[in-house]
Amino acid sequence: MQTTSIHSKAASVEFRNVSKIYGETVTAVDGVSLKVEAGELVTLLGPSGCGKTTTLRMIAGLEMASSGSILIGDADVTLLPATDRDVSMVFQSYALFPHMSVLENVAYGLKVSGMKKPEVRVRALNGLELVGLTGYGDRLPSELSGGQQQRVAVARALVLEPQVLLFDEPLSNLDAKLRRQVREEIRELQQSLGLTVVYVTHDQEEALAVSDRIIVMRNAGIAQAGTPRELYEEPADSFVADFIGEANLMDVTIEQVDAVAGTAEVSLAGVNITLPSRGMVAGPAKLAVRPNRLELKAPEDVGGLPGTVIKCTYVGNHMEYVVRLAQGEWFATSDDVGTVHTAGAEVSVHFRARGPVLLSA
Amino acid sequence: MNRVVLLWLMVGVAGFCLLPWYVLEEGLWSFEWLFDGYPTDSDYAPAVFLLLQGEKLWLSPLLLFLLAPVLVIFRDKSDPLFSKVLCLAGGLGLLYLLAQGFSIGIRGWNSELLLAVFGELGDRQYGFGYGAMLLGISFLFYLTTGIAARGVVNGDVFVVGSIGFVIAMVGLFIFLPVLQMLSSALQDDQGQYSLLVFFSKFFDDKIWGLHCLVSSRGCGVAWNSLSLALLVGALTTLLGLVFALVATRSGLRQAHLLRPLTVLPIITPPFVIGLAIILLFGLSGTVTQFVADLFGLQPSRWVYGMPGILIAQLLSFTPIAFLVLIGVVEGISPSMEEASQTLRASRWQTFKTVSLPLMRPGLANAFLLGFIESMADFGNPLVLGGNFDVLSTEIFFAIVGAQNDQGKAAVLAIVLLIFTLTAFYAQRRWLGKKSYTTRTGKGDGGIPTKMPRRVLYPCYALVTIWGTFTLVVYGMIVYGGFVELWGLDHTLTFKHYITAFDVAINEHGIHWRGSAWDSFWTTLRIAATAAPLTAALGLVTAYLLVRQNFRGKNAFEFGTMLSFAIPGTVIGVAYILAFNVPPLELTGTGVILVISFIFRNMPVGVRAGIASMSQLDKSLDEASLTLGANTWRTFRQIILPLMRPAILAALVFSFVRAMTAISAVIFLVSAEHNMATSYIIGRVENNDYGIAIAYSTVLIVVMLSVVAIMQLAVGKAKTSRRTTPGLAVQAAPDAVVVR
């Protein structure tokens, strides 16, 4: 997959206070500002209806911004229609033209841009080679498997050497096993060609796996932007904490803050924990704890919260528990499938190190 | 250099400098002018030669508008001057072109006012010809290019141009004639406008009288039409539902035999059923004679009037209701009914509480269609009406009869239009959004539930009776053509076929001696000309409706679908009134027939296009756009190839409908351009049933083969490797609706 006669003209993408309003009232994107650097893979992540696809389509020029400006490279493209933007897109349904062969599909954009026939052919064949489909050129899209169709769609977008390459939930039509493989291929291509990629998905695991940076969207706006690790370990609020990897949320009180060490003393039903203060002050706060950062121990173990297991599920490589505590029902996972706390068992719930994250109340 | 502006500049220059400016008396397709005095003879001269000879000087400002865009052709399209110049040149040019056309006619100035202001003109002009047409087109596209440059619809020249073109065409050939008709309804005999005259005509006793309730005198035509249409709407809906249930829910293996029924209204000229009814129940009809002999009764003329029209219209329009309701019944997901049954409902309860309520909007739809069909029907009332007058035939007689009262025809046409438009409006506003189609595509398994017996058995009975009746009627049509003289002499003969379709071969080649050939070839030629234009206009409109968003789209859609609801008789009258004088001088030509077909049948193309286009994944277009193709290229290379089956269907249906149309045609035919249907009606009026029926049979056979060939071709397209399946004949269901 390393042969490249395909070069990248990667450019940055910038939104300045962009809004999209449908009709009079429906605000799909509300005053979003963001920047995607050249050569970076950024994921737009969020629940359905959060505005991520609209944002992507505004980069492509398939939707026009109602206000604000959009820049690709240094050029303001706000008013340019899709045809005139140097952006390619891989569609969720792949959108391969069913009446054209695979090669014709890949060559379409080159042909349309007025390139000479022999060159079109060479470049299209190169594109197919790049995605590992040499020899499939004469087939019709309907004669390929889902994964192969997906690659044709990628090749078709790549051969144009776009400034920005867009992916709209490209894996959602593939079965689970293929997803991991294709997602790795996309990431490899992006890195080896140095492409600027904007990628839309609602699957947080996929986002964590492929992205340089993730932009989490909610209700037409940006909830948080950052690297996968930042988002996972330091979510800005409870929405992000819960959306990126589940989290148990609980009300706590910050007893005192050590400004020098940057730590906070938190008490929760008599259990005291010390953890990074993240700039918060004493008073009520929220604590987010990932399920795998909770540890269930025997009830005699001190330093934990007392609880009762009400559900216990074996899912192969780990155990899943629902535990009822005074603070509510928590969800915990454990890699230890050997020791099982059956439903009804009394347990002591402990926090693992680097587990809990403080959020503002 | 802007290539779009260059293109339209060249078209405009060709129109102004090369082609004859005025309409050619010999017809659009004659080319005698090329050898007969062109380019200086003032009948054939292009505008520029007229001006050089010092004639028609009022045409000179057009040159200014034509050439103005040269100033900006090298400018960027985002330059405000570019759009300003184009908009002004196109818009003012178009206005001036029309204004001079409407102001100066064959007798000089067209209005007293202009005469008073400018004095005697001493010159005259005829209708627009090739030259004026091309110049008008070039102005139109100047205007749309200018508007596009202002950023409308993302500055898309192709889309804005198409929208402008469709609006111009619909405005010119639907709204203008209808408005002209309205205005002539407002005029009294001296041509003065008067509301009083209009109201006295509109509320005339002959239209709205209610004498039939109290005395033996007949009621007004409006009530006749209305009561007939209500009855036909209700009964066709009932019969259609029965057929649909038997076809889809009876579990009967023979049920698929009912489907061909749906082809019947497509291939049957509207009055043919009326003819067959006369053969059966007329004074010398088979059934009448038989019953009279059996019971010793005096044969009566009972069938002429309401009963006859009712029977004929039920026979003609039930298949349409059937077609609509098949879709509705099949649209109900079996899982709904299965769910109901698993909830302990019996079959009858399921039918009553789940299936039937889900069909309600479909039933209302079928009713309104039947209503509009019956209102608009012209052929059957003409053949079977007797003393029972309805609006559509009264309009005809007001024009062609001894009265020749265009004002009265216009008023009657308005009454008819009010009825059909109300029904059309109701259908769209009230039912348009209400769809209970529950089938969602994926994962909707299940087997359609069988009907409960107490529904099914009466249905069987009705279907059997009705099916037999239909068979007899069509049998009559075929048989009637081979009978010497119906009711008197039933010996078999080829006489009628020979009279109509005799062919001799002599030294000059084939000699088409039969009396019908002339109208037959004219019909084929005109239908074949109209079909591709209809399909093209329809598909472009469908594309704009399905794939583009622009302000005023709803009004645009309403306007393009409006001709659905305008009865043919109304169009006929309106065209006569609007296109009899310059600048649009079309009556008596073949062109007016072609145009009337295009705009009468355009909704067929639009529906076919919408049906198949909404099945094309929208991201196909978007993919093409993001790959750098513009909308025109996307339309041509992606959408059109994928819609091939729909295009074929639209072509065939507009062709066939053009062959069977009668209502508008009968006003527009001329001695030179006679159509098959009006020829047949002429024979019927002369009581020459033999030829009429023989000719009808031939038409039916011709159209049946055309439809069959299309079905085959589409079937092939479906199985061939290179086409997307599933787009084929969805076009059909809507295609027949409303003549």
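The values are calculated or read from the model by the stated rules, or taken from the named source; none is laboratory data. From a predicted model like this one, the values you see are computed outputs, not experimental measurements. Counting neighbours? That spans all protein chains shown, and the Cβs are built from the backbone with ideal geometry, glycine included. Surface accessibility is based on the protein's heavy atoms, side chains included, excluding ligands, DNA and RNA. Shrake-Rupley method; radii C 1.70, N 1.55, O 1.52, S 1.80 Å.
Per-structure values
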| item | result |
| --- | --- |
| Only one of B:LEU539, B:LEU544, B:LEU492, B:LEU462 that is touching a residue at least 24 places away in the same chain (Cβ under 8 Å) and open to solvent by 50 Å² or more (accessible area, probe 1.4 Å) | B:LEU462 |
| Condition met for B:SER612 (within 14 Å of chain A (Cβ to nearest Cβ), in a helix (DSSP H, G or I) and either surrounded by fewer than 23 Cβ atoms within 10 Å (Cβ to Cβ) or hydroxyl-bearing (Ser, Thr, Tyr) (or both)) | yes |
| Subset of the stretch A:161-195 (residues that are among the polar types (S, T, N, Q), at pLDDT 90 or above and closer than 21 Å to A:SER93 by Cα) | A:GLN190 |
| Those residues of the stretch B:673-718 which are more than 28 Å from B:VAL483 (Cα to Cα) and not in a helix (DSSP H, G or I), in sequence order | B:HIS673 |
| Output for the stretch B:121-153, where each listed residue is within 14 Å of chain A (Cβ to nearest Cβ) and either buried (at least 19 other Cβ atoms within 10 Å of the Cβ) or without any contact (Cβ under 8 Å) to a residue 60 or more places away in the chain (or both) | B:ALA148, B:ALA149, B:GLY151, B:VAL153 |
| Cβ pairs under 7 Å, 6+ apart, first in the stretch B:224-252 and in contact (Cβ under 8 Å) with a residue 12 or more places away in the chain and open to solvent by 10 Å² or more (accessible area, probe 1.4 Å), second not in a loop (DSSP other than H, G, I, E, B) and not hydrophobic (A, V, I, L, M, F, W, C) | B:THR237/B:GLY370; B:LEU239/B:THR318; B:ALA247/B:ARG259; B:THR248/B:GLU330 |
| Residue count for the stretch B:558-595, restricted to those that are among the aliphatic types (A, V, I, L, M), closer than 26 Å to B:ILE163 by Cα and either part of a loop (DSSP other than H, G, I, E, B) or more than 15 Å from the chain's Cα centre (by Cα) (or both) | 6 |
| The lone exception for A:PRO47 - which of (1) within 17 Å of the chain's Cα centre (by Cα); (2) touching a residue at least 40 places away in the same chain (Cβ under 8 Å); (3) assigned to a strand (DSSP E or B) it fails | (3) |
| Boolean, A:LEU96 is of a type outside the set (Val, Ile, Thr), assigned to a loop (DSSP other than H, G, I, E, B) and either open to solvent by less than 30 Å² (accessible area, probe 1.4 Å) or within 10 Å of chain B (Cβ to nearest Cβ) (or both) | yes |
| Pick from the stretch B:621-637, criterion part of a helix (DSSP H, G or I) and either facing chain A (nearest Cβ under 7 Å) or closer than 19 Å to A:VAL159 by Cβ (or both), ranking: most open to solvent (accessible area, probe 1.4 Å) | B:ARG633 |
| Test for B:LEU294: is it under 22 Å from B:PHE378 (Cα atoms) and assigned to a helix (DSSP H, G or I) | no |
| Count - residues of the stretch B:186-217 that are in a loop (DSSP other than H, G, I, E, B), open to solvent by less than 60 Å² (accessible area, probe 1.4 Å), over 14 Å from B:LEU391 (Cα atoms) and not charged (D, E, K, R) | 4 |
| Strands (runs of 3 or more DSSP E) lying entirely in the stretch A:252-361 (those with 2 or more residues that are open to solvent by 70 Å² or more (accessible area, probe 1.4 Å) and in contact with a Ser or Thr (Cβ under 8 Å, 6 or more places away or on another chain)) | A:271-276 |
| Per-region count, the stretch A:123-142, residues open to solvent by 60 Å² or more (accessible area, probe 1.4 Å) and within 14 Å of chain B (Cβ to nearest Cβ) | 4 |
| Filter pass, B:VAL160 being open to solvent by 20 Å² or more (accessible area, probe 1.4 Å), within 14 Å of chain A (Cβ to nearest Cβ) and in a helix (DSSP H, G or I) | no |
| Residues of the stretch A:73-93 that turn out to be touching a Gly at 6+ places or on another chain (Cβ under 8 Å), surrounded by fewer than 22 Cβ atoms within 10 Å (Cβ to Cβ) and at the interface with chain B (Cβ under 10 Å from one of its Cβ atoms), as a count | 5 |
| Boolean, A:TYR108 is at pLDDT 90 or above and within 10 Å of chain B (Cβ to nearest Cβ) | yes |
| Flag if B:LEU143 is hydrophobic (A, V, I, L, M, F, W, C) and within 20 Å of B:VAL581 (Cβ to Cβ) | no |
| Unmet criterion (only one of (1) in contact with an Asp or Glu (Cβ under 9 Å, 6 or more places away or on another chain); (2) closer than 27 Å to A:VAL159 by Cα) for A:MET64 | (1) |
| Some residue of the stretch A:143-154 being in contact (Cβ under 8 Å) with a residue 24 or more places away in the chain, more than 8 Å from chain B (Cβ to nearest Cβ), surrounded by fewer than 24 Cβ atoms within 10 Å (Cβ to Cβ) and part of a loop (DSSP other than H, G, I, E, B) | yes |
| Index of the failed condition, A:LEU103 passing every other in (1) under 16 Å from A:VAL152 (Cβ atoms); (2) within 8 Å of another protein chain (Cβ to nearest Cβ) | (2) |
| Qualifying residue in the stretch B:395-418 (condition: within 18 Å of the chain's Cα centre (by Cα) and either assigned to a loop (DSSP other than H, G, I, E, B) or under 22 Å from B:LEU323 (Cα atoms) (or both)) | no |
| Hey, B:GLN349 assigned to a helix (DSSP H, G or I) and either at pLDDT below 85 or on the phi < 0 side of the Ramachandran plot (or both) or not | yes |
| Residue within the stretch A:99-110 that is surrounded by fewer than 24 Cβ atoms within 10 Å (Cβ to Cβ), outside any loop (DSSP other than H, G, I, E, B) and in contact with a Ser or Thr (Cβ under 8 Å, 6 or more places away or on another chain) present | no |
| Test result for A:SER69, part of a strand (DSSP E or B) and open to solvent by 10 Å² or more (accessible area, probe 1.4 Å) | yes |
| Filter result for B:LEU421 (of a type outside the set (Asp, Glu), open to solvent by less than 20 Å² (accessible area, probe 1.4 Å) and closer than 19 Å to B:GLY233 by Cα) | no |
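Each row is one residue, and each column tells you yes or no for (1) within 14 Å of chain A (Cβ to nearest Cβ); (2) in contact with a Gly (Cβ under 6 Å, 6 or more places away or on another chain); (3) assigned to a helix (DSSP H, G or I).
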| residue | (1), (2), (3) |
| --- | --- |
| B:LEU616 | yes, no, no |
| B:SER619 | yes, no, yes |
| B:ILE639 | yes, no, yes |
| B:ARG657 | no, no, yes |
| B:SER663 | no, yes, no |
| B:ALA671 | no, no, no |
